[in-house]
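Before any comments, here is the structure.
The values are calculated or read from the model by the stated rules, or taken from the named source; none is laboratory data. Not measured: the values here are computed from a predicted model. Positions of Cβ are backbone-derived with ideal geometry, glycine not excepted, and every protein chain shown enters the neighbour counts. Calculation scope for accessible area: heavy atoms of the full protein, side chains included, ligands and nucleic acids excluded. Shrake-Rupley method; radii C 1.70, N 1.55, O 1.52, S 1.80 Å.
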Amino acid sequence: MEKRFYYQPDLPTSITCWSYTGMVFLFSMLLWLEITVFQIYTVVFLVIFLIAAVLQIARRRIVLEDDGVAVKTVFSMNAKKIAYDDILNVEVEKHSLVFVTRYQKLSVLMKREHAEDLYKILSSSENVRI
């Protein structure tokens, strides 16, 4: 049973990450407008921005595995693995999903319909006590 859902971290973390990503984009536009000729530096920073944006969208995902929920992040060293036995509660909020475990409370931003789908899968699973 491996199902994937895309997410973004909680609101303060998302604002911080996307602000830094946006600064790279604005810097590339600043170089372009300051020099008034489309330079290689503009292309380099624009490509860096695109790579960062794609990585932030594509690498952040929640994967339902046989033994637990894996919360994948942009950098794999920060990934979290939550065993089904450790999940105490899952709450669907307006644009987020909150995992309450024995050790922490993890909030992630998701589309509401994806959060509801994930909640239904977790609540129907015999491994999770919700």
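Residue 15 to residue 77: extension gain in nm, 0.36 nm per residue of separation minus the Cα-Cα distance?
Values: separation 62, 0.36 × 62 = 22.32 nm, distance 2.11 nm.
That pair, residue 15 and residue 77, stretches by 20.2 nm at full extension.
Positive-end ranking of 124, 50, 87 along the dipole of the chain, with charges on Cβ about the Cα centre, is headed by 50. The charge dipole of the chain, taken about its Cα centre with unit charges on the Cβ atoms of Lys, Arg (+1), Asp and Glu (-1) only, comes to about 120 debye.
Out of all Cα-Cα pairs in the chain, roughly what percent, to the nearest whole number, are more than 22 Å apart?
Numbers: 3726 of 8385 pairs.
Cα-Cα pairs of the chain separated by over 22 Å account for 44 percent.
Of 55, 64, 118, the residue with the greatest mean-square motion in the GNM of the chain, using alpha carbon springs below 10 Å, is 55.
For the range 33-74, chymotrypsin sites (Phe, Trp or Tyr not before Pro) are listed when DSSP marks them as loop and at most 11 other Cβ atoms sit within 10 Å of their Cβ; the list is 38. Sparse packing (at most 15 other Cβ atoms within 10 Å of the Cβ) combined with a DSSP loop state is found for the following trypsin sites (Lys or Arg not before Pro) in the range 57-108: 59, 94, 102.
Each Lys and Arg adds +1 at its Cβ and each Asp and Glu adds -1 at its Cβ; summed about the Cα centre, the range 40-87 shows a dipole of about 340 debye. Rg over Rh for the range 81-129 works out to 0.94, both radii taken from alpha-carbon positions and Rh defined as the Kirkwood radius.
Computed with every protein chain present, the accessible area of residue 88 is close to 80 Å² [probe 1.4 Å]. In the context of the full set of protein chains, the range 1-128 has a per residue accessible area of 63 Å² (1.4 Å probe). Between residue 25 and residue 100, the simple label model (points 7 Å from Cα in the Cβ direction) yields a spacing of 3.7 nm. The phi-based Karplus calculation (6.51 cos²θ - 1.76 cosθ + 1.60; θ = phi - 60°) puts the 3J(HN,Hα) values of the range 23-37 at 5, 5, 4, 5, 5, 5, 5, 4, 4, 5, 6, 6, 8, 6, 10 Hz, whole numbers, x for Gly and Pro. Computed over protein heavy atoms with a 1.4 Å probe, the carbon and sulfur contribution to the accessible area of the chain reaches 62%.
Would you mind telling me which residue in 93, 34, 65 has the biggest mean-square fluctuation in a Gaussian network model of the chain, where springs connect alpha carbons within a distance under 10 angstrom? Result: 34 has the largest fluctuation of those listed. Per-residue Karplus couplings for the range 38-55, computed as 6.51 cos²θ - 1.76 cosθ + 1.60 with θ equal to phi - 60°, are listed in order as 5, 9, 5, 5, 4, 5, 4, 6, 5, 5, 4, 4, 5, 4, 5, 5, 5, 4 Hz, Gly and Pro entered as x.
Around the amide H of residue 39, modelled in the peptide plane, lies no amide H under 5 Å away from a residue 5 or more places distant or on another chain.
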